[in-house]
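To start, the structure under review is shown below, and the notes come after it.
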Amino acid sequence: MILAMLLLTSTTITKVMAQNKVKQTAGRDQLGAFAPKFAELNDDVLFGEVWSRTDKLGLRDRSLITVTTLVSMGITDSSLIYHLQEAKKNGITRDEIAEVLTHVAFYAGWPKAWAALRLAKEVWADETTASDDRSAFEHEMFFPIGQPNDAFAEYFTGQSYLAALSDTQIPVYNVTFEPGCRNNWHIHHANKGGGQILICVAGEGWYQEWGKPARKLLPGDVVNIPVGVKHWHGAAADSWFAHLAIEVPGEKSRNEWLESVKDEDYYKLK
Ligand code: MN
């Protein structure tokens with residue numbers, strides 16, 4: 001009977017905090033007229049009493065058990081989709097469900113895990129990992145990300161990467177910033193000539209000169225940074241960003257690195 005009730009597809013499990021009860025109406029909604037006792041047992045006993053005993057075992061653990069049990073029985077229909085959705089709501093991450101189903105595959109059977117993984121992939125489709133975001137950005141960008149920009153890390157907030165595109169004649173670098181990453185305020189000095197040109201290639205970023213409002217940067221934008229002007233550049237808080245950096249040749253050109261861009265100034269940019 002319990003197993004049969006587990007198979008019901010149903011509406012959202014709602015926690016009623018005051019009573020700490022799980023409210024379930026799927027039984028009555030779907031089978032109330034046809035099988036009223038079954039509907040009552042599903043809503044009031046399975047969910048109302050068993051799932052509700054969260055002081056004994058939390059919803060996250062109950063979701064893990066339920067998903068494992070369904071997959072073990074080879075139940076990979078809409079009831080599994082429902083319980084995968086509940087598992088996600090109850091805090092199981094994409095990486096965790098992949099690990100759970102990989103583990104279950106060895107005990108319950110490979111084809112069952114295959115079927116379940118295909119459903120889980122859909123349920124967790126909107127949840128990406130940091131490495132997904134990085135590879136998506138890499139695919140969108142024409143130039144390589146390169147290597148972690150360790151040599152200049154002390155002048156950056158967050159992680160940046162550097163790829164040398166041209167290292168003879170005029171040096172050209174592709175600089176990639178993770179979301180939230182930006183360089184410190186700095187000045188490109190030179191006795192004659194000098195300055196820097198930025199050509200934005202992917203993502204969304206910011207450029208700001210001291211005392212002026214920040215300028216939003218999108219792919220294709222070009223920034224001409226005059227010699228001697230204090231400024232910073234970097235990613236938007238919620239986006240990867242990359243620009244080519246071209247050092248304009250000059251006599252005795254050098255960079256002066258200054259203070260970091262304060263969080264309270266950076267995170268209010270919109
Ligand atoms: Mn600069």
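Some points to look at:
- Matching residues in segment 160-196 - criterion: being of a type in the set (S, T, Y) and either away from the ligand (no atom under 14 Å from the Cβ) or over 23 Å from the mean Cα position of the chain (by Cα) (or both): Y161, S166, T168, Y173, T176
- Flag if G205 is under 22 Å from the mean Cα position of the chain (by Cα), more than 11 Å from the ligand (Cβ to nearest atom) and either in the same structural domain as G250 (by TED's automatic domain parsing) or without any contact (Cβ under 8 Å) to a residue 12 or more places away in the chain (or both): yes
- Residue in segment 254-267 that is buried (at least 19 other Cβ atoms within 10 Å of the Cβ), among the hydroxyl-bearing types (S, T, Y) and more than 13 Å from the ligand (Cβ to nearest atom) present: yes
- Of F137, F143, all but one fail to be farther than 26 Å from S260 by Cα and among the aromatic types (F, W, Y); the exception is F143.
- Matching entry among T128, T157, T176 (being among the hydroxyl-bearing types (S, T, Y) and closer than 15 Å to A245 by Cα): T176
- Residue selected from segment 118-150 under the condition in contact with a helix residue (DSSP H, G or I) (Cβ under 7 Å, 6 or more places away or on another chain) and crowded, with 18+ Cβ neighbours inside 10 Å, by the criterion modelled with the lowest pLDDT: W124
The values are calculated or read from the model by the stated rules, or taken from the named source; none is laboratory data. The model shown is predicted, which means the values in this text are computed figures rather than measured ones. In this analysis, Cβ positions are derived from the backbone assuming ideal geometry, glycine residues included, and neighbour counts consider all displayed protein chains.
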